[in-house]
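Worksheet for the structure shown next.
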Amino acid sequence: MNNPTDFYLKPATPTDSIAWNAYVAADPLATPYHRFEWQRAVNQAYGHPIAGLMALSKSTNAVVGVLPAIQMNIPFAGRKICALPYCDAGYGLADSPEILAAMRNGLIEFNQRQSGKYVEIRDVTQTPMDSGAMQGQKVRMLLTLPESSEALLASFKSKLRSQIRKAEKNGLTVSLGTQSEFIEAFYQVYARNMRDLGSPVHKQAWFEQIIRHYGDNALISVVYKGEHPAGAGLILKNGSSACIPWASTLREYNPLAPNMLLYWSLLEHCADNGIRLFDFGRSTYEEGTYRFKKQWGAEPQLLLWKKFNHQAQPLADSGRESGSGSLRAMVENTWRKLPLGFTIKAGALIRPYISL
């Protein structure tokens, strides 16, 4: 586009999904969350309206920018727009900085008209940061994959390779697929693990909608001890990139190293199927899950979550998770003691309104 103002904005609808995804597939900064399927799954599972915007060229009507977003109406807390809920990233993609800014401002104006409290955009830094700038911060862990799983395995340190072999020697097996039995096994592990962590769970229908809409761009891995699921994870793909939003193992099987076989099965699949960038997801820099992901060779990228008021001004401390440490610890400890069935039913009521 020669003229940076030669575009207009429109609300995205399901009929735009093909053009939207074609633009996303061509942008190297896109994540699997940027695909239109994420917004569709949120809307279908939880009823939150799609609030994403598209920028189109006035002269050619070609897509020149997309900004995925969801409007959340939270009981007793009011409306907000999140780009995007339930994942780490949802920033805009555009042909120019002017288009990017216009889409952001368009979301803010729409949110104001809807009497929303703020707009949250889950951005990332595209420039390398030194370790001092990342201390105590949230990062996502990215691993560049070689062209084969054989080359990937050879790149690992001997200790990591032995941990993968340990899981196999302990009698664990792994299967990959997207059929209903994989969703059920995944959810069985996920629901128990989240209860044990003290966190409300998504309902199973949320994952069913993800598999339904992502289709071949989704895959579940389930690790078994005999006939019993011991671990499970779900990946999403977009072109040559993949991410793993959820991975869980059951505590009683952890001495058998199911997490090592789980991650290896998915990394192996990705490396052998054209994926060149694997996103391990969010961690706190230098803490436990960070170190687990770091051992695979992943490198941190700083997350820049920002909230904007009606004047497009960033709100202070917008990237931090809410809740005091002591209160959160008390709630989590109580949740861990609740019956699994109750936490599943309660989670279905609570989780749609928690954007993390």
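The values are calculated or read from the model by the stated rules, or taken from the named source; none is laboratory data. Given the structure is predicted, the values throughout are model-derived calculations rather than measurements. Cβ atoms come from the backbone with ideal geometry, glycine included; neighbour counts cover every protein chain shown. Note: areas computed on protein heavy atoms with side chains; ligands, DNA, RNA excluded. Shrake-Rupley method; radii C 1.70, N 1.55, O 1.52, S 1.80 Å.
Remark: Tyr8 matches the filter, which requires a residue to be of a type in the set (Phe, Trp, Tyr), open to solvent by 60 Å² or more (accessible area, probe 1.4 Å) and within 14 Å of Ala94 (Cβ to Cβ). Selection of first residues in the stretch 221-247 that are more than 18 Å from Cys87 (Cβ to Cβ) and open to solvent by 30 Å² or more (accessible area, probe 1.4 Å) and of second residues that are in a strand (DSSP E or B) and β-branched (Val, Ile, Thr), restricted to Cβ pairs under 7 Å at least 6 apart or on distinct chains, gives the following pairs, ordered by first then second residue: Tyr224/Thr173. With respect to Lys306, is the statement that it is open to solvent by 30 Å² or more (accessible area, probe 1.4 Å), touching a strand residue (DSSP E or B) at 6+ places or on another chain (Cβ under 6 Å) and not polar (S, T, N, Q) true? Yes: the conditions hold for Lys306.
Of the residues making up the stretch 14-55, those that are small (Gly, Ala, Ser) and either out of contact with any Leu (no Cβ under 8 Å at 6 or more places or on another chain) or at pLDDT below 95 (or both) are Ser17, Ala19, Ala22, Ala25, Ala26, Ala41, Ala45, Gly47. If you go through the stretch 197-214 and keep only what is in a helix (DSSP H, G or I) and open to solvent by 30 Å² or more (accessible area, probe 1.4 Å), you end up with Leu197, Gln204, Ala205, Glu208, Gln209, Arg212, His213. In the set (1) among the acidic types (Asp, Glu); (2) free of Cβ contacts under 8 Å to residues at least 40 places away in the same chain; (3) closer than 25 Å to Leu303 by Cβ, the condition left unmet by Glu120 is number (2).
Comparison of Gln114, Gln137 shows that the only residue that is open to solvent by 20 Å² or more (accessible area, probe 1.4 Å) and without any contact (Cβ under 8 Å) to a residue 60 or more places away in the chain is Gln114.
Every residue, every condition in (1) in contact with a Phe, Trp or Tyr (Cβ under 8 Å, 6 or more places away or on another chain); (2) open to solvent by 40 Å² or more (accessible area, probe 1.4 Å); (3) more than 27 Å from Glu37 (Cα to Cα); (4) outside any helix (DSSP H, G or I), yes or no:
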site	(1), (2), (3), (4)
Met141	yes, no, no, yes
Leu152	no, no, yes, no
Leu160	yes, no, yes, no
Ile164	yes, no, yes, no
Ser175	yes, yes, no, yes
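Listed conditions (1) farther than 27 Å from Leu142 by Cα; (2) charged (D, E, K, R); (3) open to solvent by 40 Å² or more (accessible area, probe 1.4 Å) are all met by Asp16, apart from (3).
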